[in-house]
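Each remark here refers to the structure printed beneath this line.
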Amino acid sequence: MKNFWTRFLSGLLYALLITISIFYSNISFKILITILSTIVLKEYFNLVNLENYSFLLLTLFFIWAPKNLIINNYIIITICVVSLISNIYCTILLFFNRGFKYSKINFYLSSLYITTSFFFMVLIHEHGTVFSPLYLFVFFSSTWVNNTFAYLVGSKFGKNKILEEISPNKTWEGFFGGFFASFTFISLMEYYFNLFNIYWIVLVIIIPVVSLIGDLLQSLYKRKAKTKDSGNLIPGHGGAYDRMDSVIYSALYYYLFLKLI
């Protein structure tokens with residue numbers, strides 16, 4: 001925890017930028033997420049030592065395409081199915097393929113779940129009868145709360161490793177520390193704003209689990225690249241992908257949760 005204050009201050013600045021962009025306007029969030037998605041994809045390409053900038057163009061299209069061109073139920077369902085397939089495939093690689101090596105299929109499916117995640121963030125931002133940024137704020141902030149307390153509790157009390165060969169600092173003690181912190185945060189948001197009704201109980205299970213998988217999946221890419229961080233944009237955290245790995249993986253599941261409740 002020697003870098004705690006560096007991590008805290010840079011993380012706070014990052015969180016403030018995201019929060020202000022969410023609540024200020026739809027355009028402000030799109031501008032910021034465009035910048036972050038571009039950096040994330042570049043960092044990912046560096047990690048896997050492969051490049052295909054058609055994924056960047058696809059991301060920009062998802063973020064900025066006019067509603068009447070892309071916000072169609074059949075198109076959204078197709079994107080959800082494609083994203084779900086890529087998420088599941090990458091998760092299987094994480095937990096069951098210890099001899100993981102980069103291949104074209106691994107690269108394309110990993111790139112797809114990263115690319116489509118920004119599309120779902122935009123949809124979440126517009127969830128509700130009019131413009132309701134609170135749903136997206138809860139998504140980001142509950143993930144931040146989970147990851148922050150997972151780090152703090154894991155650093156202090158962590159002994160039992162989750163996947164030591166991939167991420168030696170991730171422990172079950174940290175996971176449950178993050179779980180109870182995000183449980184508290186989401187329950188308070190539900191108490192004051194009544195966003196999810198009784199289904200908030202499901203959300204408090206989803207957030208810690210998918211956040212952990214997203215974090216571990218990026219750790220797998222970094223381990224294969226033999227590097228500690230995906231970049232150096234955010235002091236104490238590394239790159240933009242290091243900071244967004246959990247929300248990138250989680251965006252699809254949070255969007256589906258909102259559509260199903």
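The values are calculated or read from the model by the stated rules, or taken from the named source; none is laboratory data. Since the model is a prediction, treat every value here as computed from it, not as a measurement. For neighbour counting, all protein chains shown are included, and Cβ atoms are generated from backbone atoms with ideal geometry for every residue, glycine included.
How many of the residues in the range 1-19 are more than 27 Å from PHE55 (Cα to Cα), of a type in the set (A, V, I, L, M) and out of contact with any Lys or Arg (no Cβ under 9 Å at 6 or more places or on another chain)?
4
On the given criteria, is SER182 under 17 Å from LEU136 (Cα atoms), modelled with pLDDT of 95 or more and more than 20 Å from the chain's Cα centre (by Cα)?
no
Please enumerate the residues belonging to the range 28-49 that are hydrophobic (A, V, I, L, M, F, W, C) and either under 19 Å from SER110 (Cβ atoms) or within 17 Å of the chain's Cα centre (by Cα) (or both).
Within the range 28-49, PHE29, LEU32, ILE33, ILE35, LEU36, ILE39, VAL40, LEU41, PHE45, LEU47, VAL48 meet the criteria.
Which one of these is under 29 Å from PRO133 (Cα atoms) and crowded, with 19+ Cβ neighbours inside 10 Å: SER167, SER182? Lay out the reasoning, then the answer.
Working: SER167 fails: under 29 Å from PRO133 (Cα atoms).
Residue meeting the stated conditions: SER182.
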